[in-house]
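One structure below.
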Amino acid sequence: MQTAARDRPDHWLLLAGAPWRAVHIPALPRRERQVLELVQAGETSVEIARRLGLSPRSVDSVVHRARLRLGATTRLQAAILAADHHPGSLSAP
């Protein structure tokens, strides 16, 4: 039987100041992890696009999807959430 992602304890984050309220942090697709790693390193959409062979608009779309998935309000917040919650996973394939 397959375990749903929401049932895995490593995919939950307790909000500071509200320990009774948990927020689900989903696993991220490989491309979103790649882009967020570069965002966290301080690269712009144009730099990320050149490095990954994408258009800047595509990079912005990937960041937007990751922000929605993580419930983040900024691209840097999404990168930090992903790195903090899934340590070592940003570089993973």
Inset, instruction - Would you please list the contacts, defined by Cβ atoms under 7 Å and residues six or more apart or on different chains, that run from a residue in the range 46-70 that is free of Cβ contacts under 8 Å to residues at least 12 places away in the same chain to a residue that is of a type outside the set (A, V, I, L, M) and outside any helix (DSSP H, G or I)? - result: ALA49/SER55
Inset, instruction - Please determine, by comparing only the residues of the range 27-43 that are acidic (Asp, Glu) and assigned to a helix (DSSP H, G or I), which one is surrounded by the most Cβ atoms within 10 Å (Cβ to Cβ). - result: GLU32
Legend entry - Selected residue (criterion: modelled with the lowest pLDDT) from residues of the range 74-84 that are over 17 Å from SER45 (Cβ atoms) and open to solvent by 30 Å² or more (accessible area, probe 1.4 Å): ASP84
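The values are calculated or read from the model by the stated rules, or taken from the named source; none is laboratory data. All values derive from a computational prediction rather than experimental measurement. FYI the Cβ positions are ideal-geometry reconstructions off the backbone, even for glycines, and counts take in every protein chain you see. Note: accessible area is taken over every heavy atom of the protein model, side chains too, but ligands, DNA and RNA are not part of it. Shrake-Rupley method; radii C 1.70, N 1.55, O 1.52, S 1.80 Å.
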